[in-house]
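Participant: Take this structure, written in structure tokens, and hold onto it; I'll ask about it next.
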């Protein structure tokens, strides 16, 4: 089983299986934020989202492959839906979680799912149930110290799993584009950069963008994708899209994966057959 | 077809059905919707009532004007200056007919006191009676008012809360008012959006609770800083101070906020109301806070209050509390609490709260559950006043909810810019300079008020488009009033930066009713805080209402307590709990009548 070391003192003796790292991290952040601010509308709604994510994964994976699978990624999707969806009703939480998971089994390209599941679920909810649900954007505490802690823990964790460059590229691009937007809109630069200091972006930049399953492999490619997302987000923001980052990832993410595959195929086609065979054997 | 193909199709169908589920639910609801009759008689036959707008017909022509504030915040003036339209009802001259007071909010504008002529028309006499000219440069502008007989002389006195210096007037036998602001000992300046008369210590004198919204250091016409906005959208800690002013009995008040335990938070209070929620005999206080959790303070024997927000279940989820209204929604002798919040499709879905006490709720173990979703009164829009009242006299409380924030240029929207800044860190959101300019854009404007009709079986349905009350101004305050004493709850709706609207209510003639107009003797003369319980022995049914010193948002309804009875022809008894502790019972009262009841001296 592949394992990944946690930070600091933990790395000396304790290791955590890779598939449990993200669930533990997001659970820790959720608990810290909820204890600090009570960010959750209710535990019941969070549990609804987790339950439906896990159930959907369990059933669909069994139906499609005939096997049971580890449910940690479903748990992460469920917990993300539980945090991101905002509604006084219960069903949007269940629906978002179920759509997120189901999208993995339907929207596939060459055996790989194209969309970040939670991102897809959230965007779907915005489009199909906007009169019953919204997405976390302005609702959460904004205490400076809590924000620093969440960013620090998140960034260190990304560094450990080699995804830090994605978030840093995105943040740098966002700030530059915030300045550009300020020139267009005439609004204060701080107003344009403000969303980055809020909770929606903490989840977006730390978790959603960096999901290993739906990010390209090369570091250069990852940086290019992060920059592109920020660029498209700027365009969407200039058109007053409240959920611009989700839309941008929704559009850029799959395109990036397809382009990566095309490049990969082209490389393979250009290589002599014996090299391919050797590469395959190795 | 091979098995793999079948599985693929199944998974795709499952996925598509998930995506179509919300549309299917909407379609199902639209199939259930009834066709609305097109004449008033049929509407009354079906819904039990019909609202007809009669403002001009009865002589009421009043338009609220919002204030122009310091030029430093001119770019967001419409959203800051978004409150101030209010209404409060009282029988000012004791002629038996309800009168009402309206506030205006721009320097130089006049408030209005409409006196009921007894023939169904009104006349504004605020000027001649000395309560019109309150919006004077340097003194702040009016935000609302509440009536209460503070000196127990039998005439209702007037308190006007402002963004500025609050004003207090004694009613001189119903013909004139005497301003006693300077000697009353009230706060010199505060940005208040709510005030409630309540006798918290049951000494027979009305005390006054005042809720602060913006910090009291803020003078909106001479800003020293632009760091005046909330420091968080959900956990703001820099709101205005609240005050509990104890009535000394000589026209003066003493600030007892700290010693009574009401000074422990700095939330942004927008609305408050008081009622005895746990049957302790002392009046409790509920405060709806913007940018934070709501608060419930339980009265401890008239000495202090304890913050029971969390222990009772209402103080956990921060929303944008805008209004507090009490009512026995379940008709089981317990008061529920309705609090409006904000629901804007696709952006912010807080949902309104209907806090219903658990059946076992006792004085020591009061607990509430939010049943707004279960009962169907959750999704409003940008809510202000939410008032529980029986519009069709069927014995079940209905709900009128005022909606709409800033209606400006049509087909424009400020929401995107709003979300940009309020999602940010406290150092960004707190400074008005960081807020994008509104530039004439609409912000949750042109929203229609909701009228939810209670079917008595645990569901409310929205009927505003059917019963004649659909109004899409930026409504703020709602007052129930029986203009012509015919036993129907008419309504006054005060609209921000717009005309006041008055609705005459036509109710099914076979729906009975009963009203009680109380006058305290040992208790405060306004009888604020008294509860009235109707009891039917045969089936154990009972229903209660309280005499209110102000509720909803910037509103005060007619003092007389009104009950719809539907076809019920007999009430076994009426139990009145006076604030003094006196308990009075009236057997088999006559129905379809307003009962004027003075508190007995020795009960």
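Participant: Highest first, please rank the peptides B:321-331, B:149-159 by the mean number of other Cβ atoms sitting within 10 Å of their residues.
Facilitator: Those peptides, ordered most packed to least, come out B:321-331, B:149-159.
Participant: Then there is this: As an exercise, find the ratio Rg/Rh for the stretch B:31-101 from alpha-carbon atoms, using the Kirkwood inverse-distance average for Rh. Kindly include the intermediate steps, with their values, before the conclusion.
Facilitator: Details: Rg = 20.1 Å, Rh = 17.0 Å.
Ratio of gyration radius to Kirkwood radius: 1.18.
Participant: What is the ratio of the Cα radius of gyration of the stretch B:374-413 to 2.2 N^0.38 Å, where N is its residue count, to two decimals?
Facilitator: Details: Rg = 13.9 Å, N = 40, 2.2 N^0.38 = 8.9 Å.
For the stretch B:374-413, the normalised Cα radius of gyration comes out at 1.55.
Participant: Please identify, among A:260, A:233, A:57, the residue showing maximal mean-square fluctuation in a Gaussian network model of chain A using a 10 angstrom Cα cutoff.
Facilitator: Comparing A:260, A:233, A:57 in a Gaussian network model of chain A, the most mobile one is A:260.
Participant: Binning every alpha carbon pair distance of the stretch B:147-207 at 5 Å from zero, what are the percents per bin?
Facilitator: Calculated over all Cα pairs of the stretch B:147-207, the distribution is 4, 19, 25, 26, 18, 8, 0 percent.
Participant: Per the Kirkwood formula on distinct C-alpha pairs, the Rh of the stretch A:40-135 is how many angstrom? Don't jump to the answer; show the numbers that get you there.
Facilitator: Details: mean 1/r = 0.0768 Å⁻¹.
So the Kirkwood estimate lands at 13.0 Å.
Participant: Rank by packing, highest mean first: peptides B:78-89, B:118-129, with packing defined as the count of other Cβ atoms within 10 Å averaged across residues. Present the calculation step by step, with values, prior to reporting the outcome.
Facilitator: Working: B:78-89: 25.7, B:118-129: 15.7.
Ranking, from highest mean packing down: B:78-89, B:118-129.
Participant: Still on this model: For the stretch B:109-197, which semi-axes, largest first and in whole Å, follow from the square roots of 5 times the eigenvalues of its Cα gyration tensor?
Facilitator: 22, 16, 12
Participant: Apply the Kirkwood formula to the stretch B:275-357: the hydrodynamic radius equals the inverse of the mean of 1/r over all pairs of different alpha-carbon atoms; give it in Å with one decimal.
Facilitator: Working: mean 1/r = 0.0749 Å⁻¹.
Over the stretch B:275-357, the inverse of the mean reciprocal pair distance is 13.4 Å.
Participant: What is the spread of the Cα atoms of chain B along each of their three principal axes, largest first, in whole Å?
Facilitator: Principal extents (largest minus smallest coordinate, Cα): 90, 65, 51 Å.
Participant: Still on this structure: Using only the Cα atoms of the stretch B:29-70, what do you get for the radius of gyration and for Dmax, in Å?
Facilitator: Just the Cα atoms of the stretch B:29-70 yield Rg and Dmax of 18.3, 52 Å.
Participant: From the helices alone, meaning DSSP H stretches of at least four residues, give me the mean residue ellipticity at 222 nm for chain B, per-run term -39500 (n - 2.57), in deg cm²/dmol to the nearest 500.
Facilitator: Working: 9 runs with 70 residues, N = 603.
Value at 222 nm, helices only, nearest 500: -3000 deg cm²/dmol.
Participant: Compute the Rg to Rh ratio over the stretch B:441-559 from the alpha carbon atoms, using the Kirkwood formula for Rh, and round to two decimal places.
Facilitator: Numbers: Rg = 17.1 Å, Rh = 16.9 Å.
Here the Rg-to-Rh quotient is 1.01.
Participant: Which three semi-axes in whole Å describe the equivalent ellipsoid of chain A, each the square root of 5 times a Cα gyration tensor eigenvalue, listed largest first?
Facilitator: Details: eigenvalues 167, 121, 87 Å².
The equivalent ellipsoid of chain A has semi-axes of 29, 25, 21 Å.
Participant: Something else now. Going by the alpha-carbon gyration tensor, a ≥ b ≥ c the square roots of its eigenvalues, is the stretch A:140-273 rounded (a/c under 1.5) or, if a/c is not under 1.5, prolate (a/b greater than b/c) versus oblate?
Facilitator: Numbers: a/c = 2.64, a/b = 1.54, b/c = 1.71.
The shape class here is oblate.
Participant: Only residues of the stretch B:380-402 count here: report those whose backbone N is under 18 Å from the spot 7 Å along Cα→Cβ of residue B:457, or say none.
Facilitator: Residues passing the 18 Å test: B:394-398.
Participant: Going by a ≥ b ≥ c, the root eigenvalues of the Cα gyration tensor, does the stretch B:438-487 fall in the rounded group (a/c under 1.5), the prolate group (a/b larger than b/c) or the oblate group? Show your work: numbers first, answer last.
Facilitator: On the way: a/c = 2.90, a/b = 1.56, b/c = 1.86.
Because a/c hits 1.5 or more and a/b fails to exceed b/c, the stretch B:438-487 counts as oblate.
Participant: Follow-up question, since we're still on this one. Averaged over B:233-243, how many beta carbons belonging to a partner chain fall within 10 Å of each residue's beta carbon?
Facilitator: On the way: counts 7, 9, 8, 1, 1, 0, 0, 0, 0, 0, 0.
Other-chain Cβ atoms within 10 Å of each residue's Cβ, averaged: 2.
Participant: Suppose each label sits 7 Å from its Cα in the direction of the beta carbon; what would the residue A:156-residue B:567 distance come out to in nanometres?
Facilitator: The two pseudo-label positions are separated by 7.3 nm.
Participant: Please list, short to long, the whole-number percent of alpha-carbon pairs of the stretch B:497-564 in consecutive 10 angstrom bins beginning at zero.
Facilitator: All Cα pairs considered, the percentages come to 15, 37, 33, 13, 2, 0.
Participant: With chain A treated as a Gaussian network of Cα nodes joined by springs under 10 Å, which of A:185, A:214, A:167 yields the largest mean-square fluctuation?
Facilitator: A:185
Participant: So what are the three principal axis dimensions of the protein assembly as shown from its Cα atoms, in whole Å, longest to shortest?
Facilitator: Principal-axis extents of the protein assembly as shown (Cα, largest first): 107, 62, 55 Å.
Participant: Looking at chain B, what % of its DSSP beta bridges pair antiparallel, to the nearest 5? Present the calculation step by step, with values, prior to reporting the outcome.
Facilitator: On the way: 117 of 126 bridges.
Of the beta bridges lying entirely in chain B, close to 95 percent run antiparallel.
Participant: In deg cm²/dmol and to the nearest 500, what is the mean residue ellipticity at 222 nm of chain A if only DSSP H runs of at least 4 residues count, each as -39500 (n - 2.57), divided by the residue total? Don't skip to the answer; put the middle values down first.
Facilitator: Numbers: 13 runs with 193 residues, N = 282.
Helix contribution divided over all residues of chain A: -22500 deg cm²/dmol.
Participant: Let me ask another. Between residue A:42 and residue A:217, what length comes free when the chain is fully extended (0.36 nm per residue of separation minus the Cα-Cα distance, one decimal in nm)?
Facilitator: 59.3 nm
Participant: Still on this structure, please answer the following. How large is the Kirkwood hydrodynamic radius of the stretch B:218-365, counting all unique pairs of alpha carbons, in Å? Walk me through the numbers on the way to the answer.
Facilitator: Numbers: mean 1/r = 0.0600 Å⁻¹.
Final number for the Kirkwood radius of the stretch B:218-365 is 16.7 Å.
Participant: Evaluate E = 1/(1 + (r/R0)^6) for residue B:75 and residue B:225, where r is the Cβ-Cβ distance and R0 equals 22 Å; express this FRET efficiency to the nearest 0.05. Could the numbers behind the result be given before it?
Facilitator: Details: r = 16 Å, r/R0 = 0.71.
It comes to 0.90.
Participant: Taking other Cβ within 10 Å of each residue's Cβ, how do A:234, A:200 sort, fewest first? Could you put the intermediate results ahead of the total?
Facilitator: Values: A:234 21, A:200 24.
In increasing order of surrounding Cβ atoms, one gets A:234, A:200.
Participant: For the stretch B:346-498, divide the Cα radius of gyration by the Kirkwood radius and give the resulting Rg/Rh value with two decimals.
Facilitator: Details: Rg = 18.5 Å, Rh = 17.7 Å.
Taking Rh as the inverse mean 1/r over Cα pairs, Rg/Rh reads 1.05.
Participant: Would you mind telling me which residue in A:243, A:43, A:75 has the biggest mean-square fluctuation in a Gaussian network model of chain A, where springs connect alpha carbons within a distance under 10 angstrom?
Facilitator: Checking each option, the largest mean-square fluctuation is seen for A:43.
Values in this text are rule-based calculations from the coordinates and carry no lab data. The structure presented is a predicted model; accordingly, all values stated were derived computationally and were not measured. Please note: Cβ atoms are built from the backbone with ideal geometry, for glycine as well, and neighbour counts cover all protein chains shown.
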